[in-house]
Amino acid sequence: MKLIGPFKQIVTLSNLPLRGKLSDDQLEIIVDGGLLIEDGKIEISDSFQNLKNQFPNIEIENIEGEQICLPAFVDSHTHICFGGNRANDFAMRNAGKSYLEIAESGGGIWSSVQHTRAASEEELLKTILERINFLISLGITTIEVKSGYGLDVENELKMLRVIKKAQTFTKATLVPTCLSAHLKPRDFQGSSEEYLQYILEEILPKVKEENLAKRVDIFIEKSAFLPEESKSFLLKAKEMGFETTVHADQFTSGSSRIAVEVGAKSADHLEATIDEEINFLAKSNTVATALPGASLGLGEKFTPARKILDAGGILAIASDWNPGSAPMGNLITQASILATFEKLSTAEVLAGITFRSAYAVNLEDRGTLEKGKKADFVTFKTDNFQNVFYHQGSLKAAAVYIEGEKQIL
Ligand code: NIG
Ligand code: FE
């Protein structure tokens, strides 16, 4: 057992509802607090002095100066395993070129597929670990990572094996997801329905056999997979025992409905979701995940996060870090900006990047600082937690702890 503190404030996020709007006065804030840690878990969060009195001989890890403490963040949607770079897409898009023009000049998702296929496992491992370390330095200790730049048996498995290998080099928790249904690859001979069948028959059984992922994702959009074929694909993936998640309503509305109908764990993007669909989604247990990094990368509107929360939905916020639409990777900056445009309270932002996004990836053992939860937390040199989002990501984490152990940043 050890006691860590004192912290000027500990924002525990305890006793908050999984769904719907939140105001900052609902937050439990322990002033001059301490965390009692046992076996990598939170035993007690309370006043530092009380804990010291209660456990007079305990080992103390002293916190110097004024610091605040938050649960570590959970980034529930990323594509950080990739080769290459799409800075030229970004420049072309900003010069007014269309999606088609960018694709024709060698950009788009297909470009990342070619670079990822060409990269060795060692190269992919090295770059994914660099990105993971960057995310840890922001205070993110749980990271979902998708495949989806391989798009054939060999390369999808290569990506998922790299993610599995990366897990052996990091203390952060990686949550792998099979996104072979990102796009029908140009070299696939057959219809998109046949490609989905190929995933079900050739890729997913091997993913299961090697225990490479428990989750399956699909991009439902005019340029990717159509609603009906996607729905039957998702249902079959579920029958095989996979959890499901959907890239939904990014440019056109409708696919979030399919996510709900198949009982997907989350529907992510939702920039184009219309009111009727918002209400449908908000009444379900499917998490609505906003990806402000994609709005910022593409210059598109933000996910209607305010409406989703007001309608009672479960709102998570994730980075979508990928080489095309969301190259920034800084979830704290993105969530802070989403808050200003969508008028989110600090409590709603915090919930969206902690216990609500943890729920989206089925990890309910983390995301708050209450008894029994994983002792993953982040500290900042400031006297008030509001400063973290006020500075929109420029206030750097002072320390990041995983299972009660301070990480070297
Ligand atoms: O989440 N929308 C589809 N997929 C990614 C983009 C991937 C890419 O452009 O490489 C996304 O935004
Ligand atoms: Fe994505």
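The values are calculated or read from the model by the stated rules, or taken from the named source; none is laboratory data. Remember, it's a predicted structure, so these values are computed and weren't measured experimentally. With ideal geometry, Cβ positions are generated from the backbone for all residues, glycine too; neighbour counts draw on all protein chains shown. Please note that ligands, DNA and RNA were not included when accessible areas were found on the heavy atoms of the full protein model with its side chains. Shrake-Rupley method; radii C 1.70, N 1.55, O 1.52, S 1.80 Å.
Quick look at the numbers
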quantity: Beta bridges by DSSP in the stretch 242-398, antiparallel share as percent, to the nearest 5; calculated: 10 percent
quantity: Rg/Rg_ref, the stretch 165-261, where Rg_ref = 2.2 N^0.38 Å and atoms are Cα; calculated: 1.11
quantity: Ellipticity estimate at 222 nm from DSSP helix runs (n ≥ 4, -39,500 (n - 2.57)) divided over the chain, nearest 500; calculated: -10000 deg cm²/dmol
quantity: Residue-normalised accessible area of the stretch 1-59, given per residue in Å² at a 1.4 Å probe; calculated: 50 Å²
quantity: 27 Å Cα-Cα threshold exceeded, pairs from K301/K406; K126/K231; K158/K236; calculated: K301/K406; K126/K231
quantity: Burial ranking of peptide ranges 115-126, 299-310 (average Cβ count within 10 Å, highest at the top); calculated: 299-310, 115-126
quantity: Computed over the stretch 1-84, the ratio Rg/Rh where both radii use C-alpha atoms and Rh is Kirkwood; calculated: 1.10
quantity: Projected-area average for the chain over all orientations - Cα convex hull basis, square nanometres; calculated: 18.6 nm²
quantity: Sequence-separation-based contact order of the stretch 195-304, relative, with Cα cut under 8 Å and 6+ spacing, percent; calculated: 19 percent
quantity: Convex hull volume per residue for the stretch 203-318, taking Cα atoms only, in Å³; calculated: 102 Å³
quantity: Average accessible area per residue (Å²) across the stretch 262-330 - probe 1.4 Å, nucleic acids and ligands excluded; calculated: 27 Å²
quantity: Average Cα contact separation per residue, the stretch 108-169, under 8 Å, 6 or more apart, as relative contact order %; calculated: 43 percent
quantity: Solvent-accessible area per residue for the stretch 109-219 (1.4 angstrom probe, square angstrom); calculated: 40 Å²
quantity: Most fluctuating residue given options G84, G148, G329, as computed from a GNM of the chain linking Cα atoms under 10 Å; calculated: G84
quantity: Distant-in-sequence amide H partners of T244 (H built 1.01 Å from N, under 5 Å); calculated: V216, K265
quantity: Exposure of R366 as accessible area (Å², to 10), given a probe of 1.4 Å and all protein chains; calculated: 20 Å²
quantity: With every protein chain in place, the stretch 158-301: carbon and sulfur % of accessible area (1.4 Å); calculated: 51 percent
quantity: Solvent exposure, largest accessible area first (probe 1.4 Å, DNA, RNA and ligands not counted), of E101, E156; calculated: E101, E156
quantity: Listed residues M159, M240, M328 arranged by accessible area, highest first, probe 1.4 Å; calculated: M328, M240, M159
quantity: Relative contact order, percent, the chain [alpha-carbon distance under 8 Å, six or more residues apart]; calculated: 21 percent
quantity: Pairwise FRET efficiency - I274 versus Y99, Cβ, R0 = 25 Å, nearest 0.05; calculated: 0.70
quantity: 0 to 90° range, to nearest 10: angle between helix 121-137 axis and the chain longest Cα axis; calculated: 40 degrees
quantity: Cα-based helix-to-principal-axis angle, 227-239 vs the chain, degrees rounded to 10; calculated: 60 degrees
quantity: Phi to ³J(HN,Hα) by Karplus 6.51 cos²θ - 1.76 cosθ + 1.60 over the stretch 34-47, Hz, x for Gly, Pro; calculated: x, 10, 9, 10, 9, 6, x, 10, 6, 9, 9, 10, 7, 5
quantity: Heavy-atom accessible surface of the stretch 310-401: percent carbon and sulfur, 1.4 Å; calculated: 51 percent
quantity: W110 accessible area, assembled protein chains, probe 1.4 Å, Å²; calculated: 30 Å²
quantity: Phi to ³J(HN,Hα) by Karplus 6.51 cos²θ - 1.76 cosθ + 1.60 over the stretch 68-78, Hz, x for Gly, Pro; calculated: 10, 10, 10, x, 5, 8, 10, 9, 8, 7, 9
quantity: Angle between the chain longest axis and helix 331-342 axis [Cα atoms, degrees, rounded to 10]; calculated: 80 degrees
quantity: Most to least accessible of L70, L183 (protein chains only, probe 1.4 Å); calculated: L183, L70
quantity: Under 5 Å, built H, 5+ apart or other chain: amide partners of T286; calculated: none
quantity: Rounded to 5, percent antiparallel among DSSP beta bridges of the chain; calculated: 40 percent
quantity: Note, ³J(HN,Hα) from phi for the stretch 197-204, Karplus 6.51, -1.76, 1.60, rounded to Hz, x at Gly and Pro; calculated: 5, 4, 4, 5, 8, 9, 9, 4
quantity: Globularity ratio of the stretch 278-409, using Cα Rg and 2.2 N^0.38 Å; calculated: 1.07
quantity: Which listed pairs, of K208/K396; K171/K222; K41/K381; K214/K374, have C-alpha distances above 28 Å, in listed order; calculated: K208/K396; K171/K222
quantity: Area accessible to solvent at F82, 1.4 Å probe radius, in Å²; calculated: 20 Å²
